[in-house]
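The values are calculated or read from the model by the stated rules, or taken from the named source; none is laboratory data. Please read these numbers as outputs of a predicted model, since none were measured by experiment. Positions of Cβ are generated from backbone atoms using ideal geometry, with glycine treated the same way; all protein chains shown enter the neighbour counts. Accessible surface is based on the protein model in full, side chains and every heavy atom, while ligands, DNA and RNA are left aside. Shrake-Rupley method; radii C 1.70, N 1.55, O 1.52, S 1.80 Å.
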Amino acid sequence: MKFFKKALDFYIQSSIHVAFAVYSLVRMTDYMFHIPYDKPVAYFAFFGTIVGYNFVKYEALARTRKAQMRKELKVISVLSFLSLLAVGFCFFQLQRITQIVSVAFLILTLLYTLPFFPNRKNARNWAGLKIYIVALCWVGVTVVLPVLNAEITITSDFYLKCIQRFILIFVLILIFEIIDLANDDPHLQTVPQQIGVKRTKILGYGLLMIFCGLEFFNSNINFNVNFQSSLLQLISIFLLAIMVVLFLFFVNEKRSKYYTSFWVESVPILWWLMMILFQ
């Protein structure tokens, strides 16, 4: 049991779990836009997430306490380096426009982590901005990059899915912010800090209603042309929303760290697996 807990902790702390969540959302984008499995984009997103998240979490610790790095952190550093090599390999297999946009999101990640401006904190500590930056990066990696690399025509469905994905990630982050409420610096001005837990949950429920409602504007939802496919797509959206609503309803500051770091981050993975089962 102790070995299982250590393995689970490493799986989460090394960002492999969140990388699978990002990978799952990329595959959902492939499904939504009828994109054939694009391995370079999918692997770029997976390994890029490991590199990006570990850089955000451990960069300061590795820089300031290099001599005292724990064994686990050293293993994570090796994993991150190998993932960086994989990211570089995948990067050169992407279309030029995809490469340019991915660099833009890399710069946003660096801005999120490092204080580029004199006498200013990094973007992660800018009051109230953290949730928007993270959600924007997830939209970029899981929707924008796959669509651009596939060179498909940009239609209203693309912007619709960007908005839906932003809402989904935004609400999932709200769950994290509720659990972290007791430990977050008050200057961060997270949503629960500004409006309280109860109103944060109400905001989340409202956003999820918008998330579901937007699906009816999807051009692929046409019961006259393809009844079964349209029905399955709507069912998957509503089941996803119900799953997130339940996590949001039961969250509080006393929940275990695994509530968010494992279960909430499993939502995109469960959504993708659900679509596989439907098919």
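Some values worked out for this structure:
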| item | result |
| --- | --- |
| Net charge of neighbours whose Cβ lies under 12 Å from the Cβ of ALA42, counting Lys and Arg as +1 and Asp and Glu as -1 | 0 |
| Accessible surface, the chain, averaged per residue in Å² (probe 1.4 Å) | 54 |
| Exceeding the 21 Å Cα-Cα cut-off - candidates LYS161/LYS201; LYS57/LYS130; LYS2/LYS257; LYS161/LYS198; LYS5/LYS74; LYS161/LYS257 | LYS161/LYS201; LYS161/LYS198; LYS161/LYS257 |
| Gain on full stretching of the segment that runs from PHE92 to PHE10 - 0.36 nm per residue minus C-alpha separation | 26.5 nm |
| Carbon and sulfur %, accessible surface of the range 198-279 computed with the full protein complex present, 1.4 Å | 70 |
| LYS257 accessible area, 1.4 Å probe, all protein chains in place, Å² to nearest 10 | 110 |
| Options (i) 9; (ii) 20; (iii) 12 - which one matches percent of Cα pairs over 34 Å apart as calculated here | (ii) |
